[in-house]
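Each value in this text was obtained by applying a stated rule to the coordinates, not by laboratory testing. Being a predicted model, the structure only gives us computed values, none of them experimental. Glycine gets a Cβ as well: all are built from the backbone with ideal geometry, and neighbour counts include every protein chain shown.
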Amino acid sequence: MAWRNLGRNKLRTALAALGIIIGVVAICSLGMATVALQQQASSQLGDIGNDVTVSSGQDSDTDGVTQDQIDEIQNLVTDDQVVPQKTNSTTLEARNGEEARMSVTGVTEASALYNLTTGEAPDRLQSGALISNDTANTLGLEMGDPVEYDGQFYRVQGFIESEQSFGPRGGGELVIPVSGLSNQEYYDTVTIVASDGDAATEIGERLDNQFNTEETEELSIQASSGAQNVGGFLDTLSTALLGIGGISLVVAGVAILNVMLMSTVERRGEIGVLRAVGIRRIEVLRMILTEAALMGALGGLVGVILSLGTGMLAFQMLTGNAMGALDWSSSKYLVYGFGFAVLASVLSGVYPAWKAANDRPVEALRG
Amino acid sequence: MAKSMSVIELDDVVKRYQSGEETIEALKYVDFSAERGEMVTVIGPSGSGKSTMLNMIGLLDNPTEGSIRLDGRDVTDFTEDELTEERRTGIGFVFQDFHLLPMLTATENVELPSMWDTSVDRHDRAVELLRRVGLGDRLEHTPGQLSGGQQQRVAIARSLINEPDILLADEPTGNLDQDTGETILTELTRLKEDENVAIVSVTHDEQMLDYTDSTVRIVDGVIQEVSRE
Ligand SMILES: Nc1ncnc2c1ncn2[C@@H]1O[C@H](COP(=O)(O)OP(=O)(O)O)[C@@H](O)[C@H]1O
Ligand SMILES: [Mg+2]
């Protein structure tokens, strides 16, 4: 019955459905595009992003982070990798006479911090050394060549990607096992590799609460702010996009309301007949609401299909992976969009339906 | 005194319409009654209150004054929902411009009053009624595919679907040519006996008087004359 009523005035139904479709597409594709944008941004900025760097604070008695403090950090941060480092600097002299000054980092969990030009950094660096790509070029070092630090020789095991200079670890760098710097009792920095910017901020706050008070700074804790700023910008962007989506929704809702009102006005006589022949008010109400819901579902479905297309296009363009649109984080907007379509249609059907059902049949029949 | 109990009775019914400052008295202390198996024709000039009177009889509207009795029960102060229930079970309507739903077939239009009622299946009765009004071969046609006379016959079949006690027809032949009008009237006359239903029809067309059992003449909301054959 409701179905056929919709079929009857195809133009009107089509117009209403168009309003719904625009609303759904607006919210879905803006939502999905935002997710795509976020994914693209975090994959590009991931490396600089999500670290917490801990070093000795102003009020510390020790010149560095102690092993006890590291154990305490480990206990607080169970899910993420804690990477203690000792640092120094040195000058390496090559066989060709070139010299290069560089920082020396003693670290075990090399893979957590470094990307190599070829191959992977070892999870546990026990012997051998990693050296910046650029520095190695300058010095004419090749794989397997020995480098000396503090009287010890290490074989070059890999070259560190130089564009990592975006982060806090820049310039020429020599990475050796932490045992190579055993004459330094304390660790200079501890890096905690968090899963994302928010997690990094959260860990930073947790550590701050644990080690520091208002007056004393035992440890200096820095959650990398670059990622935070970018994250903040993305949040603003997605809020703005969802705002635009919201406005489209209101516009679409008004369009649906208008069509529902026109439809009931147009069918006033017909509804009068229904009421005259004994159809109850609640039945008229239900009929009109069913029509509205059907229309909403119809428009919603078309909208969802269109949005899926747009969403996949956005993902293809921004992340190179169209299938990313199907992931729940993005496809949930399809569900929201569809839900909106049905809800908005039914809601905007309520007033006209109520009006139509409560119209006195005589009045309606008089036209 | 009537030979059997009146199925519908209006007693001193007044209906006033308020339109702006002005009050229109469409019915002025009208008494009226009809019995089963009887065809009553209400005749009068345009604007005399015929439709208003029919709306009172059909429980489509409450009177301003006076009382209405249906089958001996006072329904004057019934709520809209109670009136709907009475219309649903006891009253059938035929309108001047048919008022069929354009997207439904003839059979579905006849079933319409009981379409929401899951407790009964009126399909067989709908088909039978359509056969009786001569539309056995038009069951699946939509109103657009039917002539005016055929549409009015569908409307008559619809008005009888709930086995009503009263059938109300407001100018049922008003939109039909003379011959078609006569067929419709013959149809109604036959059905009134078959179904033992009281038919009250309103017209300004003298042709109808050939078919009626009694005539009520109304002018300016006042009943002028009642004549029984
Ligand atoms: N709903 C209404 N509101 C105001 N006036 C009405 C209404 N219905 C009928 N009338 C007035 O009541 C009078 C009788 O109308 P009606 O019963 O339709 O006459 P008829 O059917 O005999 O042509 C007319 O003057 C008409 O204008
Ligand atoms: Mg009239």
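What the table below lists for this structure:
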| read-out | value |
| --- | --- |
| Equivalent-ellipsoid semi-axes of region B:138-210, from the Cα gyration tensor, Å, largest first | 19, 17, 10 |
| Angle in degrees between helix A:328-358 and the longest Cα principal axis of chain A, rounded to the nearest 10 | 20 |
| D_trans [Stokes-Einstein, Kirkwood Rh over alpha-carbon pairs] for region A:57-97, 25 °C, 0.890 mPa s, µm² s⁻¹ | 184 |
| Region A:50-224, relative contact order in percent, only Cα pairs under 8 angstrom and at least six apart counted | 39 |
| Candidate aspartates and glutamates for bridging to A:LYS10, where Cα separation is under 16 Å - those fewer than 8 sequence places away on the same chain excluded | A:GLU266, A:GLU291 |
| Chain B, helix-only ellipticity at 222 nm - DSSP H runs n ≥ 4, -39,500 (n - 2.57), divided by all residues, nearest 500 | -8500 deg cm²/dmol |
| Mean separation of Cα contacts under 8 Å, 6 or more apart, over the residue count of chain B: relative contact order % | 30 |
| Residue mean of other protein chain beta carbons inside 10 Å, B:159-167 | 1 |
| Relative contact order (%) - chain A, alpha-carbon pairs under 8 angstrom, separation at least six | 30 |
| Computed magnitude of the charge dipole of region A:50-224 (debye, nearest 20; Cβ of K, R +1, Cβ of D, E -1) | 840 |
| Those lysines that a straight Cα-Cα span of less than 23 Å connects to B:LYS15, excepting residues fewer than 8 apart in one chain | B:LYS28, B:LYS50 |
| Considering only the protein assembly as shown, percent of DSSP beta bridges that pair antiparallel, nearest 5 | 65 |
| Solvent-free Debye scattering, log10 I(q)/I(0), computed from the Cα coordinates of the protein assembly as shown at q = 0.07, 0.08 Å⁻¹ | -0.63, -0.70 |
| Helix A:225-266 axis, angle to chain A major axis (alpha carbon atoms, nearest 10°) | 10 |
| Per-q log10 I(q)/I(0), region A:275-352, q = 0.14, 0.15, 0.21, 0.24 Å⁻¹ (Debye; single scatterer per alpha-carbon; no solvent) | -0.56, -0.60, -0.86, -0.98 |
| Normalised alpha carbon radius of gyration of region A:211-307 [divisor 2.2 N^0.38 Å] | 2.14 |
| Computed log₁₀ I(q)/I(0) - Debye formula, equal Cα scatterers, no solvent, region B:89-223, q 0.10, 0.15, 0.20 Å⁻¹ | -0.31, -0.68, -1.17 |
| Evaluated over region B:22-150, the Cα radius of gyration and Dmax, each in Å | 17.4, 51 |
| 0 to 90° range, to nearest 10: angle between helix A:197-211 axis and chain A longest Cα axis | 60 |
| Span from the region A:292-338 Cα centroid across to the region B:1-60 one, whole angstrom | 61 |
| Global size of chain B as Cα Rg and Dmax, reported in angstrom | 17.2, 53 |
| Beta bridges per DSSP with both ends in region B:97-229, % antiparallel, nearest 5 | 55 |
| Compactness of region B:180-229 - radius of gyration and Dmax, Cα, Å | 11.8, 35 |
| Selection from A:GLY172, A:LEU37, B:ASN175 lying farthest towards where the dipole of the protein assembly as shown points positive, charges on Cβ | B:ASN175 |
| Dipole of region B:68-207 [Lys/Arg +1, Asp/Glu -1 at C-beta], most positive-end residue of B:VAL197, B:PHE78, B:ILE156 | B:ILE156 |
| GNM top mover of B:ILE184, B:ILE24, B:ILE91 - chain B, alpha-carbon springs below 10 Å | B:ILE24 |
| Amide proton proximity set for B:ALA169, modelled H, under 5 Å, gap of 5+ | B:VAL94, B:VAL200, B:SER201, B:VAL202 |
| Antiparallel bridge percentage (DSSP; both residues within region A:50-224; nearest 5) | 80 |
| In sequence order, calculated HN-Hα J values of region B:139-155 (Karplus, 6.51, -1.76, 1.60; Hz; x Gly/Pro) | 4, 9, 7, 8, x, x, 8, 10, 6, x, x, 5, 4, 5, 5, 4, 4 |
| Rg to Rh quotient for region A:50-224, alpha carbon positions, Kirkwood Rh | 0.99 |
